[in-house]
Amino acid sequence: MWQGRLLYIHTTRAMREPMIAQQSAQLLQGLGIEGDRYALGTGKYSPFPDIREVTLIEIETLTALKRDHGIDLAPEEHRRNLTTENVPLNHLVGKRFWVGHVLLEGGRLNTPCRYLDLVTRKSVNDILLHRSGLNCSIIQGGKISVGDTIRPESIDI
């Protein structure tokens with residue numbers, strides 16, 4: 001069984017606005033992070049229909065990007081809400097897992113978009129294919145905080 005932790009929380013009110021670091025956030029069941037663009041329904045979204053109430057990415061992806069390609073992508077630059085450590089996001093599609101006392105369900109793997117290349121001025125789109133994070137739905141809402149434990153809903157993952 002795996003166990004990880006929440007390293008960073010980022011939100012933004014609109015598509016082209018910078019991501020703002022938060023120490024804690026309220027996750028609203030079936031909606032998103034309070035005050036975030038996904039909960040507010042602002043901006044443009046990927047044409048792939050799915051639940052994207054909250055988005056996650058692994059810090060290990062950012063580390064590999066720096067190590068293997070010399071590209072430093074800061075946690076606020078990747079445009080995902082939650083940055084995790086030691087969490088196997090690619091294996092959590094269709095699975096439920098806890099972030100602190102909040103229960104999430106993995107939707108689909110996130111697809112990198114050219115917008116990320118545009119706003120960061122870094123060529124990361126192709127490199128992040130299959131490593132761009134996980135879109136999730138919020139099954140049980142509540143407050144999360146940086147440092148929270150992330151673990152499977154049950155031991156059969």
Of the residues in segment 65-86, those that are more than 21 Å from GLN29 (Cβ to Cβ) and surrounded by 14 or more Cβ atoms within 10 Å (Cβ to Cβ) come to LEU65, ILE71, LEU73, PRO75, GLU76, GLU77, HIS78, ARG79, THR83, GLU85
Checking ASP68, ASP72 in turn, the sole residue that is touching a helix residue (DSSP H, G or I) at 6+ places or on another chain (Cβ under 8 Å) and farther than 15 Å from ARG5 by Cα turns out to be ASP72
Among residues of segment 37-53 being in a helix (DSSP H, G or I) and not hydrophobic (A, V, I, L, M, F, W, C), the residue modelled with the highest pLDDT is ARG37
* Return yes or no: is ILE33 more than 24 Å from LEU103 (Cβ to Cβ), surrounded by 13 or more Cβ atoms within 10 Å (Cβ to Cβ), modelled with pLDDT of 80 or more and of a type outside the set (Gly, Ala, Ser)? => no
Quick count over segment 133-152, residues being part of a loop (DSSP other than H, G, I, E, B), surrounded by fewer than 19 Cβ atoms within 10 Å (Cβ to Cβ) and of a type outside the set (Gly, Ala, Ser), is 1
Going through segment 5-30 in order, the residues found to be basic (Lys, Arg) and at pLDDT below 95 are ARG13, ARG16
Filtering segment 54-78 down to residues that are more than 17 Å from the chain's Cα centre (by Cα), at negative phi and not in a helix (DSSP H, G or I) yields ILE71, ASP72
Just to be sure, is GLY94 farther than 25 Å from SER154 by Cβ and free of Cβ contacts under 8 Å to residues at least 40 places away in the same chain?
no
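Taking the conditions exactly as written (acidic (Asp, Glu), over 23 Å from ARG131 (Cβ atoms) and modelled with pLDDT of 90 or more), does GLU58 satisfy them or not?
It is false that GLU58 is acidic (Asp, Glu), over 23 Å from ARG131 (Cβ atoms) and modelled with pLDDT of 90 or more.
The values are calculated or read from the model by the stated rules, or taken from the named source; none is laboratory data. Please read all numbers here as calculations on a predicted model, not as lab measurements. Ideal geometry is used to build each Cβ from the backbone, glycine not excepted, and the neighbour counts take in all protein chains shown.
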